[in-house]
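Trainee: First, the structure itself, so that you have it in front of you.
The values are calculated or read from the model by the stated rules, or taken from the named source; none is laboratory data. Small disclaimer: the values here were computed from a predicted structure and weren't measured. Note: ideal-geometry Cβ built from the backbone for every residue, glycine included; neighbour counts use all protein chains shown.
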Amino acid sequence: MPGPVTTGSGDVVLEVGDVSVRVYEWVELLPADRTLDPERVGALVAAIHRVEFAGRRPQDPWYTDPVGPAGWDSVIAELTSAGAPFAGELAELRDELVAVDALVEPARDVRTCHRDLWADNIRATGDGGLCVIDWDNCGLADPGQELSGVLFEFWGGDPERARALHHTYRRAGGPGRVDRRGSFSMTIAQLGHIAEAACRIWLDPATSAEERRRQVGRVVEYTDDPLTVDVIDAMVDAVRE
């Protein structure tokens, strides 16, 4: 990750009025890429998870609680009534969304995790390395449940990529386990909340036309590549040890 630039007194945070400011070293990052070498990604995530730091930022419902049937039914009904361009696609996924929500289970082991390890935040660097950015959401989570999200983000539908990422993670000493459907609990909750939030922003009468177009893209990204029970089963089968 980018190194922190300390203050003259050696602190990493400077209070400027009512604002806490952090400054990081500059790192030249390449565009987000879901086809990064899965073995390098697996080793990187293992290195993060090997840091046995509990921390004080607790688990958050965004990562632990599913949207649920009532939540999906409510937002789909509102989108349909409002004529949202993606309402039909989301409605077609309704039963699948509810099915994956039913798989969510509590974390088995928690430590501080990044909690946002999508391709936007795991980037190749200009000098050939990998860098993890955007640690603002870090906090307690199950490393195995975080690993499942990394698998989904970088496997590209290829069992061999999933296997390479997972096996390298395990060989590098990563403590997480992806061994059943419930391992994807955090990914299910997080993706569901991201999609629901995008829908709610689109529905808000105060949302600008430009912002609505941006939220359409977020929802379509979700409906075009959904996390389904079949997809979960395919990844679990690929990494089964």
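Per-residue answers, yes or no, for (1) over 25 Å from V110 (Cβ atoms); (2) in contact with a helix residue (DSSP H, G or I) (Cβ under 9 Å, 6 or more places away or on another chain); (3) outside any helix (DSSP H, G or I):
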site: G8; (1), (2), (3): yes, no, yes
site: E15; (1), (2), (3): yes, no, yes
site: W26; (1), (2), (3): yes, no, yes
site: R34; (1), (2), (3): yes, yes, yes
site: A46; (1), (2), (3): no, yes, no
site: E52; (1), (2), (3): no, no, yes
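Trainee: Can you tell me which residue is nearest to the chain's Cα centre (by Cα) among those in region 189-213 that are within 18 Å of G83 (Cβ to Cβ) and among the charged types (D, E, K, R)?
Mentor: R200
Trainee: Of the conditions (1) out of contact with any Leu (no Cβ under 8 Å at 6 or more places or on another chain); (2) in a helix (DSSP H, G or I); (3) aliphatic (A, V, I, L, M), A206 clears all except one; give me its number.
Mentor: The single condition A206 does not satisfy is (2).
Trainee: To continue, here is another question. Take region 177-192 and flag every residue that is within 18 Å of A162 (Cα to Cα) and buried (at least 23 other Cβ atoms within 10 Å of the Cβ).
Mentor: Result: V178, S183, F184, S185, M186, T187, I188.
Trainee: Looking at region 163-187 only, could you name the residues that are assigned to a helix (DSSP H, G or I) and in contact with a Gly (Cβ under 9 Å, 6 or more places away or on another chain)?
Mentor: A164, L165, H166, H167, T168, Y169, R170, R171, S183, F184, M186, T187
Trainee: A further question follows. Which residue out of G149, G174 is modelled with pLDDT of 95 or more, in contact with a His (Cβ under 7 Å, 6 or more places away or on another chain) and within 22 Å of R34 (Cα to Cα)?
Mentor: G174
Trainee: Okay, moving on. Inspect all residues belonging to region 107-126 and state whether any of them is at pLDDT below 95, within 23 Å of P38 (Cα to Cα) and surrounded by fewer than 15 Cβ atoms within 10 Å (Cβ to Cβ).
Mentor: Yes, region 107-126 contains at least one residue that is at pLDDT below 95, within 23 Å of P38 (Cα to Cα) and surrounded by fewer than 15 Cβ atoms within 10 Å (Cβ to Cβ).
Trainee: Pairs please, first residue from region 36-65 and modelled with pLDDT of 95 or more, second anywhere and polar (S, T, N, Q), Cβ atoms under 7 Å, 6+ apart in sequence or on different chains.
Mentor: Qualifying pairs under 7 Å: E39/T168; G42/T168; A43/T168; W62/Q190; Y63/Q190.
Trainee: Next question, about the same structure. I'm told V51 meets every condition in (1) among the β-branched types (V, I, T); (2) surrounded by fewer than 17 Cβ atoms within 10 Å (Cβ to Cβ); (3) over 17 Å from G144 (Cα atoms) except one. Can you identify the failing condition by its number?
Mentor: (3)
Trainee: Condition test on S20, is it more than 21 Å from V231 (Cβ to Cβ), modelled with pLDDT under 95 and not in a loop (DSSP other than H, G, I, E, B)?
Mentor: Spelling it out, S20 is indeed more than 21 Å from V231 (Cβ to Cβ), modelled with pLDDT under 95 and not in a loop (DSSP other than H, G, I, E, B).
Trainee: Of the residues that sit in region 66-91 and are without any contact (Cβ under 8 Å) to a residue 24 or more places away in the chain, assigned to a helix (DSSP H, G or I) and of a type outside the set (V, I, T), which one is farthest from S185 (Cα to Cα)?
Mentor: By that ranking, first place goes to S81.
Trainee: Go over the candidates L117, L151 one by one and state the one that is among the aliphatic types (A, V, I, L, M) and either touching a Pro at 6+ places or on another chain (Cβ under 6 Å) or closer than 23 Å to R214 by Cα (or both).
Mentor: Of L117, L151, the one residue that is among the aliphatic types (A, V, I, L, M) and either touching a Pro at 6+ places or on another chain (Cβ under 6 Å) or closer than 23 Å to R214 by Cα (or both) is L117.
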